[in-house]
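Trainee: There's a structure below that I have some questions on.
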Amino acid sequence: MTPSPLRRRNGRPQACDPCRARKVACDHGQPTCNRCQRRGQTCVYTLSAHSAMPARRSASTASSSTGDVRMRDHDRDPSAPGKSRPAGYLGLTSYSAVLEETSNSLSYLQGTPSFSVLPPRDDELRAVPGELSSLTREMCLVVLRYLRDLIDRDVLPRLHPGPHDIWPRIVGVRVLESLKQTMGRHPSEEKLYDLARRLCANTAKPMVEEANTTSDEWMAQLTGEKLRWESIGLLFTFSELFGDTADQPPSYHSPYGGVNVKCVGVCIELVRMFADANVLLLYLCFRRNIMESMTVGDAGFACWRAHAESISLLTFMGIHADQPTSTPTFMAEMRARLFARIFTIDKVSVSFQGRPCLISGRYVTTPLPRDIPDGAFMGGPEALRLAASQIGDDGWFRGEEIPSVTLGRARLMIAYVKDELMEVALSQREKPHIEVLLDLKRRAQATSDSFPPSLAYSPHDIEDASVDTTTVFGSSLARIEHLQNLFLAERLLLKRPDYPQDRGELLEISYNMVLLTVKFWVHKDRFAEMSGDYGWLVMNYAAPGGGILCMELLKGSVASSTVSRSAMIQQLSLLVGFLGWVSSDAPNAELCASCRTIIQRVLDHALNHPGAPLTHDDGIGDGRLADDGIFFHFDLLDTYEWLRPDEMAALDDVRV
């Protein structure tokens, strides 16, 4: 049966959105009008809160609706056509670029105003039902019940300086205070439901995130009477609010529980039901990716999907295509900081998993985030300008304070070089000339040399209690990510026959990667607050370097004059301890256990048969030890192929 046409308030049939936009006649066909069908275009009919109901409905039924449109369960699907939603960022190859060029040409010739997209009218905003559907109601109440328990405990997000941005914690404190005032102690189910409807109504109002929006104006849209589901989701990103972290177990566990991850996911889905893309929604997607990696592991599908969603939202919002501004603004810096975090995580993920990048630096125009302290960043336009005036010609802050964004800015610089290395490593096309690789290696070193003194790594700082722990962690992390770039560049070069096959430099880089990573575990009491990062640190940096050290030990000779055999054995022994410290229920636990087992076997052979290389007589089969592919195949970025079952079985046959 053909659906009855939708009608406007004057009773006339309503045109579809594409025909209305082009100002052409519409035949009102459903589900697709003839014009859209001929053009191969998606046909959408917008039903606003003020639109009349279909003609087949009786007048009494239509008049019984009061104010809000009551949506059925299937209407709660965010993908259902409820309103004409923004198309997001449209780039140079999109249809809008051609229309804009045409409009600009007409403007030049005729003196008419240039084309602009009008903001949505109030009657085009997403309608919020008076009564939530059963599914939406339960989603809301599940989240709010956990918060009810939180309100009864007097806890707040920690505001101590950390290696990452602290602006989310500043916002989180205000959100929690607003929630306590709104919810009160021991709220009833009815009060929770009233709060849920209010949160949905607030979320349906678009966030104002213009270039001149200040930090106070932005936070005012998230707190007080304007609490949104984005605000609620932010609270679940703070692990200390939903678990007792005072008594840390002796082994590594994820700081996040399943409740945190699930509730953040529910909040994201609720936001998508009622609102369009905004900055805080992007931050929640980014944090969910981090939480998934700390809960189920970096190689799992849940983590990869969460990362893909954050990249999709980032490009949809056009944050990758922002242009530099002469004067710093809160929103521009917020977008730049978020881009830096997400782009960097993309490169970390690629180096861990060996999967293609989800975003390439080739498509990016967004500038580096300015090296501005968080207090100035959240302090208003004047504080921003004052802090910007203290930035030197090299781009780094010259004041006494060390901004938390300094590390994020440096990691982004490292990530840009890593992005080009990944492109070479994973590309199936013709490999570049050796000069390209040598230039990448030089640029990697130049990037590290350009960092400010606060990121200058000193091996003695980690044992010096007078040096700030956050500073030590930041400089160590920047150093180890730089070493990984050199590691990748050197491995690419060694695969070329026209490059000197001297593995000494690769061995030294690998040794330093292991040495630096195990220091986090040796001094784990000092870095207790960063222990949530240990899982990916050991597998992303120490394991690849450990594989190279194991290969050298099995060969029976050391290719470097600066790294001794005993030093390698000592660091590999510490690495075994680090891997054993990771608990069996931690993310990547199975991979850590396999890595630990094989390193132990290599150490057994190296200690029981010092200086003796493995040969055919040692049970290997064909004695191809000179080839990297025997025990630790280690194809570039297939970092853990040396843990394959067949290779481990070969070690079982070694006579020790």
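The values are calculated or read from the model by the stated rules, or taken from the named source; none is laboratory data. Note that this is a predicted model, so its numbers are computed, not measured. FYI the Cβ positions are ideal-geometry reconstructions off the backbone, even for glycines, and counts take in every protein chain you see.
Trainee: Please state which one of I509, I480, I548 is aliphatic (A, V, I, L, M) and in the same structural domain as R443 (by TED's automatic domain parsing).
Mentor: On the way: I509 fails: in the same structural domain as R443 (by TED's automatic domain parsing); I548 fails: in the same structural domain as R443 (by TED's automatic domain parsing).
Testing whether each residue is aliphatic (A, V, I, L, M) and in the same structural domain as R443 (by TED's automatic domain parsing) leaves just I480.
Trainee: Only residues that are modelled with pLDDT of 95 or more and of a type in the set (V, I, T): list them for region 316-335, please.
Mentor: I319, T329
Trainee: Does region 586-609 contain any residue that is within 26 Å of the chain's Cα centre (by Cα) and more than 15 Å from M539 (Cα to Cα)?
Mentor: For region 586-609, residues within 26 Å of the chain's Cα centre (by Cα) and more than 15 Å from M539 (Cα to Cα): absent.
Trainee: Sticking with this one: With the requirement that a residue be modelled with pLDDT of 50 or more, hydrophobic (A, V, I, L, M, F, W, C) and either more than 41 Å from the chain's Cα centre (by Cα) or surrounded by 13 or more Cβ atoms within 10 Å (Cβ to Cβ) (or both), what does region 16-71 give you?
Mentor: Answer for region 16-71, where residues must be modelled with pLDDT of 50 or more, hydrophobic (A, V, I, L, M, F, W, C) and either more than 41 Å from the chain's Cα centre (by Cα) or surrounded by 13 or more Cβ atoms within 10 Å (Cβ to Cβ) (or both): C16, C19, V24, A25, C26, C33, C36, C43, V44, L47.
Trainee: Using the structure shown, decide if R169 is assigned to a helix (DSSP H, G or I), at pLDDT below 90 and under 27 Å from M334 (Cα atoms). Quick ask: steps written out before the conclusion?
Mentor: Working: assigned to a helix (DSSP H, G or I): yes; at pLDDT below 90: yes; under 27 Å from M334 (Cα atoms): yes.
The answer is yes for R169.
Trainee: State whether the residues of region 570-591 include one that is modelled with pLDDT of 50 or more, of a type outside the set (S, T, N, Q) and over 30 Å from S349 (Cβ atoms).
Mentor: no
Trainee: Conditions first: (1) assigned to a helix (DSSP H, G or I); (2) more than 27 Å from I319 (Cα to Cα); (3) more than 25 Å from the chain's Cα centre (by Cα). L176 passes all but one, so which condition is the exception?
Mentor: In the conditions (1) assigned to a helix (DSSP H, G or I); (2) more than 27 Å from I319 (Cα to Cα); (3) more than 25 Å from the chain's Cα centre (by Cα), L176 misses (3) alone.
Trainee: For the subset of region 529-561 comprising residues that are among the hydroxyl-bearing types (S, T, Y) and part of a loop (DSSP other than H, G, I, E, B), which member is surrounded by the most Cβ atoms within 10 Å (Cβ to Cβ)?
Mentor: The qualifying residue surrounded by the most Cβ atoms within 10 Å (Cβ to Cβ) is S560.
Trainee: Now a separate question. What residue, among those in region 377-433 that are free of Cβ contacts under 8 Å to residues at least 12 places away in the same chain and under 27 Å from the mean Cα position of the chain (by Cα), is nearest to R169 (Cα to Cα)?
Mentor: S427
Trainee: Here is a follow-up. Return a yes/no flag: does region 379-391 have any residue that is out of contact with any strand residue (DSSP E or B) (no Cβ under 6 Å at 6 or more places or on another chain), among the charged types (D, E, K, R) and either surrounded by fewer than 16 Cβ atoms within 10 Å (Cβ to Cβ) or outside any helix (DSSP H, G or I) (or both).
Mentor: yes
Trainee: Restricting attention to region 390-399, does a residue exist that is among the acidic types (D, E) and either farther than 18 Å from L477 by Cα or in the same structural domain as W218 (by TED's automatic domain parsing) (or both)?
Mentor: Yes, region 390-399 has at least one match.
Trainee: Testing L282 on (1) at pLDDT 95 or above; (2) under 28 Å from A593 (Cα atoms), one condition comes back false. Which one is that?
Mentor: Of everything listed in (1) at pLDDT 95 or above; (2) under 28 Å from A593 (Cα atoms), L282 misses just condition (2).
Trainee: Which residues, counting only those in region 186-214, are in a helix (DSSP H, G or I) and either among the aromatic types (F, W, Y) or at pLDDT below 90 (or both)?
Mentor: Listed by number, the list holds a single entry, Y193.
Trainee: Hey, another quick one. Look at region 444-463 and say how many of its residues are in contact (Cβ under 8 Å) with a residue 60 or more places away in the chain and buried (at least 20 other Cβ atoms within 10 Å of the Cβ).
Mentor: So the count comes out to 1.
Trainee: In addition: Confirm whether K441 is part of a helix (DSSP H, G or I), over 23 Å from W218 (Cα atoms), outside the structural domain of N588 (by TED's automatic domain parsing) and touching a residue at least 60 places away in the same chain (Cβ under 8 Å).
Mentor: Values: part of a helix (DSSP H, G or I): yes; over 23 Å from W218 (Cα atoms): yes; outside the structural domain of N588 (by TED's automatic domain parsing): yes; touching a residue at least 60 places away in the same chain (Cβ under 8 Å): no.
So K441 does not fit the description; no.
Trainee: So, one more: For E217, which of the numbered conditions (1) modelled with pLDDT of 95 or more; (2) more than 30 Å from E382 (Cβ to Cβ) fails to hold?
Mentor: Among (1) modelled with pLDDT of 95 or more; (2) more than 30 Å from E382 (Cβ to Cβ), E217 violates only (2).
Trainee: To continue, here is another question. What's the total number of residues in region 392-429 that are surrounded by fewer than 17 Cβ atoms within 10 Å (Cβ to Cβ), within 24 Å of T469 (Cα to Cα) and of a type in the set (A, V, I, L, M, F, W, C)?
Mentor: Looking only at that region, the number is 0.
Trainee: Still on this structure, please answer the following. Give the residues of region 546-583 that are out of contact with any strand residue (DSSP E or B) (no Cβ under 8 Å at 6 or more places or on another chain) and more than 18 Å from R601 (Cβ to Cβ), sorted by residue number.
Mentor: S557, V558, A559, S560, S561, T562, V563, S564, S566, A567
Trainee: If you don't mind, there's one more thing I want to ask. What single numbered condition from (1) modelled with pLDDT under 95; (2) touching a helix residue (DSSP H, G or I) at 6+ places or on another chain (Cβ under 6 Å) fails to hold for M513?
Mentor: Every listed condition holds for M513 apart from (1).
Trainee: Now, a different point. Pairs, please: C-beta under 7 Å, at least 6 apart or cross-chain, first residue farther than 18 Å from N260 by Cβ and in region 272-291, second of a type in the set (G, A, S) and assigned to a helix (DSSP H, G or I)?
Mentor: If the second residue must be of a type in the set (G, A, S) and assigned to a helix (DSSP H, G or I), the pairs left are F274/A204; A275/A204; L282/S310.
Trainee: Within region 341-362, restricting attention to residues that are of a type in the set (S, T, Y) and modelled with pLDDT under 95, which residue is farthest from L488 (Cα to Cα)?
Mentor: S349
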